[in-house]
Amino acid sequence: MSANTASEEEIAAALRAAGVRNAERWAEEVVEYRPYPADDPNLTTLRKNLAKYNPGQETTDKIVSALTP
């Protein structure tokens, strides 16, 4: 699922499927911080932005695992 082009609803569904709690809230944050560099497959920029909310490493990893730039 592309963090850059998917709708907020599509991202939320992908996050729910990955086992992320509060998927809708995290999807909103993913969309808010667009765009993400296409040459960053680890979504480092997204990880940094999510860290502001202290979601925990496990939650961050689940979010990133469900997404591509």
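The values are calculated or read from the model by the stated rules, or taken from the named source; none is laboratory data. In this text, all values refer to a predicted model and were calculated from it rather than measured experimentally. No Cβ is skipped: glycine too gets one built from the backbone with ideal geometry, and neighbour counts run over all protein chains shown. The accessibility values were calculated without ligands, DNA or RNA, using every heavy atom of the protein model including side chains. Shrake-Rupley method; radii C 1.70, N 1.55, O 1.52, S 1.80 Å.
Starting from the Cα of Val31, step 7 Å along the direction of its Cβ; do the same at Ser7; then give the gap between the two resulting points in nm.
0.9
I'd like the Karplus ³J(HN,Hα) series for segment 38-53: coefficients 6.51, -1.76, 1.60, θ = phi - 60°, whole numbers in Hz, and an x wherever there's a Gly or Pro.
Per residue, the Karplus-derived 3J(HN,Hα) values read 5, 8, 10, x, 8, 6, 4, 4, 5, 4, 5, 5, 5, 4, 4, 9 Hz.
Using a 1.4 Å probe, what is the accessible area per residue for the chain, in Å²? Write down the numbers at each step before the final one.
Values: 3980 Å² over 69 residues.
I get 58 Å² per residue for the chain.
Multiply the residue gap between Lys48 and Arg21 by 0.36 nm, knock off their C-alpha separation, and tell me the result in nm, one decimal place. Please report the intermediate quantities before stating the final value.
Numbers: separation 27, 0.36 × 27 = 9.72 nm, distance 1.91 nm.
Taking Lys48 through Arg21 to full extension adds about 7.8 nm, to one decimal.
Could you pull out the trypsin sites (Lys or Arg not before Pro) across the chain that fall in loop regions by DSSP (anything but H, G, I, E, B) with no more than 12 other Cβ atoms inside 10 Å? Walk me through the numbers before you get to the answer.
Working: sites: Arg16, Arg21, Arg25, Arg47, Lys48, Lys52, Lys62; in loops: Arg21, Lys52.
Within the chain, the qualifying trypsin sites (Lys or Arg not before Pro) (loop, at most 12 other Cβ atoms within 10 Å) are Arg21, Lys52.
Any idea what the alpha-carbon Rg over 2.2 N^0.38 Å comes to for the chain?
Values: Rg = 10.3 Å, N = 69, 2.2 N^0.38 = 11.0 Å.
Dividing the Cα radius of gyration by 2.2 N^0.38 Å gives 0.94.
Would you compute, from DSSP H runs of 4+ residues alone, the mean residue ellipticity of the chain at 222 nm, taking -39500 (n - 2.57) per run and dividing by the full residue count, rounded to the nearest 500? Let's see the in-between values first.
Working: 4 runs with 37 residues, N = 69.
Taken over the chain, the calculation gives -15500 deg cm²/dmol.
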